[in-house]
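The values are calculated or read from the model by the stated rules, or taken from the named source; none is laboratory data. What you are looking at is a predicted structure, and each value in this text was computed from that prediction instead of being measured. As a convention, Cβ positions derive from the backbone with ideal geometry for all residues, glycine included, and neighbour counts pool all protein chains shown. Protein only, heavy atoms only, side chains kept; ligands, DNA and RNA dropped before computing areas. Shrake-Rupley method; radii C 1.70, N 1.55, O 1.52, S 1.80 Å.
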Amino acid sequence: MVLYGYTIGEDSNPNSGNQLPVYRFLIPSAPGSIAATLVNTVDITSTVATRIDLEGLATNPTTGRVSAVNEARVTNPPNPIDPAVIVVNDVRFDSPTVSPTRTPSDLRRFGFESGADFAGNTLYNISGNPVSANGTVGSSLYQITAPTSANPAGTISLVDTFGPATTTAQTQGTQPTNPGKYADGLAIDNLNPGPTRAFASDFDNRDEIASDNTKNNLYKVDLLTGELSAPIVLRTPSGENLNVTTISGIGLDSGLAFTNSGSQRLLALLENGAVYEITGYQDELAASGLGLGSATGTNGAGFATATLIGNVNLPNAVSGAIDYEGFTIVNE
């Protein structure tokens, strides 16, 4: 069995639908250039949904199949929010399923960016807004249950039980449940499952809010409550705060994934093709509650190390002409 990464590009052609190329690449064991192979092109017409942007990729640990979830908003407020939730069951081969049943019926997702992963057969989606120009900065967590014969599309609901009662604005996607904490990548640990054994990622050189001066962070995620922890700062192997390369001065979106077989690794793919391995997170992930972990951990309290291990040669990624934001790992 060999570990492969998958990502999906955003290559929209309004004249003939939306062609989204799916690429596969070998997960590296040592630094270097990484070749990518086109394995499929998912075609989603504009009649399916007005926003075709599959940013959240996830691998079901039971079936090995990949699913994708689109981002939420069509355009900036006050324009329509989240007109359809697209779930592609195995982006390598299949057609999309649109709009899992919303619970409650007026549910709309918050944010502009998207990440996804599975916990067992349940698909989770984190959705966030990174810039105040587009509204409140923050993130919300959503749960998409597996399809059944009675409900072939599954059900999507907001995960929010950690604070005050959920507001109408949070349900309808105009306010986040985790204000000030932006994330667009999600990775769930299916080897050692538990309510806090998940991470969300923010690889971005923008300061989303005044208090976020570290820029590149992880957050622990409680899948039962939807709460994100305080930031876990990403540092370079030499101990400096991580400073990633931008595309034309614009921050980078990220995908995050665990390898859920053999020796566990935590990897991130940035939209320019850069692959980072994250280490030193174990103390943070195992810490009780949603604090920053033990001050005696391998990197001290609230830190993890991000090491660049290669760059995937994805067409037009470095220029930013095509975005590759979703990332998942499959053991094949």
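Seen from T279, the other residues with C-beta closer than 12 Å to its C-beta sum to a net charge of -1, counting Lys and Arg as +1 and Asp and Glu as -1.
With all protein chains in place and a 1.4 Å probe, the accessible surface of region 125-208 carries 55 percent carbon and sulfur. Summing charges over neighbours of F93, with a neighbour being any other residue whose Cβ is under 15 Å away from its Cβ, gives -1 when K and R count +1 and D and E count -1.
Calculate, for T246 and S29, the FRET efficiency according to 1/(1 + (r/R0)^6) with r their C-beta to C-beta distance and R0 25 Å; round to the nearest 0.05. Calculated value: 0.35.
Using amide H atoms built 1.01 Å from N in the peptide plane, name the residues 5+ places from I86, or on other chains, whose amide H lies under 5 Å from its own. HN-HN under 5 Å from I86: N70, S99. Evaluated at 4 °C with a viscosity of 1.567 mPa s, what Stokes-Einstein diffusion coefficient in µm²/s does region 77-166 have when Rh comes from the Kirkwood expression over alpha-carbon pairs? For the chosen part, D equals 91 µm²/s. Between A146 and T279, the simple label model (points 7 Å from Cα in the Cβ direction) yields a spacing of 3.6 nm.
At A84 and T62, where each label point lies 7 Å from the Cα along Cα→Cβ, what is the point-to-point distance in nanometres? Those two pseudo-labels are separated by 2.7 nm. Per-residue extension of 0.36 nm, minus the Cα-Cα distance of A230 and A321, leaves a gain of 29.4 nm for this segment.
Stretched out straight at 0.36 nm per residue, the stretch from N192 to D106 would grow longer than its current Cα-Cα span by 27.5 nm.
Positive contributions from Lys and Arg (+1) and negative ones from Asp and Glu (-1), summed over other residues with Cβ under 15 Å from the Cβ of G262, come out at -2.
Here the simple spin-label model places points 7 Å from the Cα toward Cβ, and for T166 and S263 these points are separated by 4.2 nm.
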